[in-house]
1. So, in the range 108-125, of the ones that are more than 14 Å from the chain's Cα centre (by Cα) and farther than 15 Å from ALA70 by Cα, which residue ends up surrounded by the fewest Cβ atoms within 10 Å (Cβ to Cβ)?
2. Hey, does the range 46-53 have a residue that's small (Gly, Ala, Ser), part of a helix (DSSP H, G or I), closer than 20 Å to TRP148 by Cα and at pLDDT 95 or above?
3. For ASP98, only one of the following conditions fails: (1) farther than 27 Å from PRO50 by Cβ; (2) at pLDDT 90 or above; (3) not aromatic (Phe, Trp, Tyr). What is its number?
4. Considering ILE78, ILE86, which residue is at pLDDT below 95, assigned to a helix (DSSP H, G or I) and under 28 Å from SER142 (Cα atoms)?
5. Kindly indicate which of ALA141, ALA147 is under 17 Å from ALA70 (Cβ atoms), in a strand (DSSP E or B), under 18 Å from the mean Cα position of the chain (by Cα) and modelled with pLDDT of 95 or more.
6. Applying the selection to the range 1-54, what residues are among the hydrophobic types (A, V, I, L, M, F, W, C), in contact (Cβ under 8 Å) with a residue 24 or more places away in the chain and within 28 Å of ARG120 (Cβ to Cβ)?
7. Take GLY57 and tell me if it is assigned to a strand (DSSP E or B) and buried (at least 19 other Cβ atoms within 10 Å of the Cβ).
8. Give the residue, chosen from ARG135, ARG130, that is exposed (fewer than 12 other Cβ atoms within 10 Å of the Cβ) and assigned to a strand (DSSP E or B).
Amino acid sequence: MSFSKRPEPVQVVKQRRDGVLRALVEGVPYIQFLGIRFERRGDELTGLLPFNDTLIGNPLLPALHGGVTAAFLEMTAIVTLSWGLIWEDMESGALDLDNLDHAHLPRLPKTIDFTVDYLRSGLPRDAYARARINRSGRRYASVHVEAWQDNRARLFAQATGHFVIPRRQG
């Protein structure tokens, strides 16, 4: 006779995932500086850059600063890639959830290159971004990220980045 392990309650799973994501994001001061947040639906993340007047680069248009746009895209790519890398450890219980902070999470991937396509001016509104991991191996990953504001089909910027995957400890 075989007994299968009883599934965890959904609230426990949500709390664990939210806690890991919070620790991951809080470990990057630049994310806090820009005010970037992340919304989670299962294993999919959406970056949110809430509008703030300090993010405007050209007050005559007004338009989001190109550097802010690039940083938003890059941070979304790095957090999404990191999220994918720690998913199995998080779900299997290999992460020490009692000592969960950025110091106990794996190091973040390092950017090799990051190419941004500015498709139109970023308006003085909230912006959203979602990344797709094209390739992820033991040492290297390629990520594509897209940003929009009011309409997901009308991107205002997109980027492709290549990253070095940090070595796993242990």
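1. ARG125
2. No, the conditions are met nowhere in the range 46-53.
3. Status for ASP98: all satisfied but (2).
4. The conditions single out ILE86.
5. On inspection, the qualifying residue turns out to be ALA147.
6. Restricting attention to the range 1-54, the residues satisfying the condition of being among the hydrophobic types (A, V, I, L, M, F, W, C) are 1, 3, 10, 12-13, 20-21, 23-25, 28, 31, 33-34, 36, 38, 45, 48-49, 51.
Subsequent filtering for residues that are in contact (Cβ under 8 Å) with a residue 24 or more places away in the chain retains 20-21, 23-25, 28, 31, 34, 36, 38, 45, 48-49, 51.
Hits for the range 1-54 are VAL25, VAL28, ILE31, LEU34, ILE36, PHE38, LEU45, LEU48, LEU49, PHE51.
7. no
8. ARG135
The values are calculated or read from the model by the stated rules, or taken from the named source; none is laboratory data. Please read all numbers here as calculations on a predicted model, not as lab measurements. Backbone-built Cβ (ideal geometry, glycine too); neighbour counts: all protein chains shown.
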